[in-house]
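A short worksheet on the structure shown next.
Bear in mind these aren't lab numbers, they're just calculated from the coordinates by the rules spelled out. This structure is a prediction, so every number in the text was calculated from the model and none was measured. Quick reminder, even Gly has a Cβ in these numbers, built from the backbone with ideal geometry, and neighbours come from all protein chains shown.
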Amino acid sequence: MRANSLALRLFVSATASAVIILVITGIVLSSLYRQAVERAFDRRLGVYLRTLVADVASPEDAGDKIPPALGEPLFELPLSGWYWQVTRLDAGKTDLRASRSLWDGGLPHLQDLGIPAGSDGSREGYVNGQEDQKLRLVERNIDLGDEGHYLVAVAGDAAEITDETRSFDQALVITFSILLVVLLLTTMFQVRFGLAPLKRITDSLTAIRSGTAERLAGEFPVEIAPLARETNALIDANKEIVERARTHVGNLAHALKTPLSVMVNEATPRGSDALALKVLEQAAIMRDQVARHLERARLAARLTVVGSVTDVAPVVTALARTMEKIYRDRGLIIDVRGGEARFRGERADLEEMIGNLVDNACKWAAERVVVEVVRERRDPASDAQAVRIVVDDDGRGLSPSEREQAGMRGRRLDETKPGSGLGLSIVVELAALYGGELKLGAAPLGGLRAELVLPAG
């Protein structure tokens, strides 16, 4: 999942939602469970409280009443955390009886703490006992009329509630953690499964770009089927426009070449006539300009074609053989090196670029020309690949100033060599249209090195 991707957004949003829901649910469940534990604890204390109330309300002399141990040995153990206490509230008749576990201490009164009584007249709450022991206390007022007014209280160690709740919280955290992991794995599967059609479209577009496919093939979900359909329609329309542009370019070339040829043919017989020479000069310029702009239009139309990929090695090998035959009388050796590489463009353009470079090297070489093909990473910061074609010769080479002029259209550094001076400029323009470049430097053989860098397919 890459940054700013749909997969990452879906995963993060689903994960955040799951975490928030689980945290809120955990807090609610923990609170409900604690309340349930408190109610159960209060019911237990209520049983002891009712036993004490029944004993206090018995018809025996209240002064002689000694409440029993309530069937719980903890009430007999000093500072056990389980206590009962009966306090007489009548004016002038203060009487306090308590369990042995209280020792010499006493329990605070909830009514003094401002806790209201419930529908049955009892109060429940937390208090601090002896040695800062947290207690859960239940108390109730008993009015026996002439026999007196009593406050009966029973307290238990609140650590039981805390321990029970803590155990539940630990189990809840473990359970919800496992559930979260399962939800995350499920979310990852759902994201991958849901976005799989988009991955198929991406792979198909890559295949079209690399030349291994021509259209988006296969069935797609209803939501993205229009995208695939419109993409295929766009590819078809693009091809149609390119074919139509090529036809128009060819027609225009023929339409312009014929009048120019007529003008040249009419002016040639006039010999040294100034007008004829001017016509021939301007006609040559017009031919050059027409050829240049038509070539630009043709190349621009080609570059809009999606999926054109050419193997470099066969093109270089074929050109090397052709050049060896052309320059057979000079005994040139053309050495081809390098591995497999593919150029993202049309074969005719690659042949024209490499052909011009190799032809130029053969014109200036003394005995040897080396052509090397290398596939490399174009930018270390990205995965973009490039194909580098290096053409070296053992001729006299060029000075830095001459290298700057070599790529200019129509610029010829040596009039004794055949050519129009357009070869390197054509290579420069073609490479630029494909997003590549041509570099000139000194070759290890002693002559000129031409490095052509083009996008790899």
Between region 117-154 and region 160-237, how many Å separate their Cα centres? 61
Greater than 32 Å separation of Cα atoms is the criterion. Which listed pairs, 257/363; 257/439; 199/239, meet it? 257/439
Assuming R0 = 51 Å, what is the FRET efficiency of residue 273 and residue 335, from their Cβ-Cβ distance, to the nearest 0.05? 0.50
Quick one: angle between helix 6-56 and the longest Cα principal axis of the chain, in degrees between 0 and 90, rounded to 10, please. 0
Considering only C-alpha atoms, what is the centroid distance from region 422-457 to region 1-59, in Å? 74
Apply the Karplus parameterisation 6.51 cos²θ - 1.76 cosθ + 1.60, with θ equal to phi minus 60°, to every residue of region 273-283 and state each ³J(HN,Hα) to the nearest whole Hz, in sequence, with x for glycine and proline. 4, 4, 5, 5, 4, 5, 4, 5, 5, 5, 5
Cβ-placed point charges (K, R +1; D, E -1), dipole of the chain about Cα centre in debye, nearest 20: 3440
Can you tell me the orientation of helix 312-326 relative to the chain, as the angle in degrees between its alpha-carbon axis and the longest Cα principal axis, to the nearest 10? 10
Once the Cα gyration tensor of region 7-164 is diagonalised, semi-axes √(5λ) in Å: 42, 16, 13
Gain in length, residue 112 to residue 291, computed as 0.36 nm per residue apart minus the alpha-carbon separation, to one decimal in nm? 53.7 nm
According to the square roots a ≥ b ≥ c of the eigenvalues of the Cα gyration tensor, what is the shape class of the chain, taking rounded for a/c under 1.5, prolate for a/b larger than b/c otherwise, and oblate for the remainder? prolate
Cβ-Cβ cut-off under 14 Å around residue 156, Lys and Arg +1, Asp and Glu -1: the net charge is -4
Selection from 406, 440, 207, by position along the positive dipole direction of the chain (Cβ): 406
Given Cβ point charges of +1 (Lys, Arg) and -1 (Asp, Glu) and nothing else, what value in debye, to the nearest 20, does the dipole of region 7-164 about its Cα centre take? 840
For the chain, with the dipole built from +1 on Lys and Arg beta-carbon atoms and -1 on Asp and Glu ones, taken about the Cα centre, which of 290, 197, 54 lies farthest toward the positive end? 290
What relative contact order, as a whole-number percentage, does the chain give when Cα pairs under 8 Å and 6 or more residues apart are counted? 10
Compare the Cα positions of 87, 128, 144 along the charge dipole of region 7-164 (+1 at Cβ of Lys, Arg; -1 at Cβ of Asp, Glu; about the Cα centre) and return the one farthest towards the positive end. 128
How high is the FRET efficiency between residue 43 and residue 234 when r is their beta carbon distance and R₀ equals 51 Å, given to the nearest 0.05? 0.10
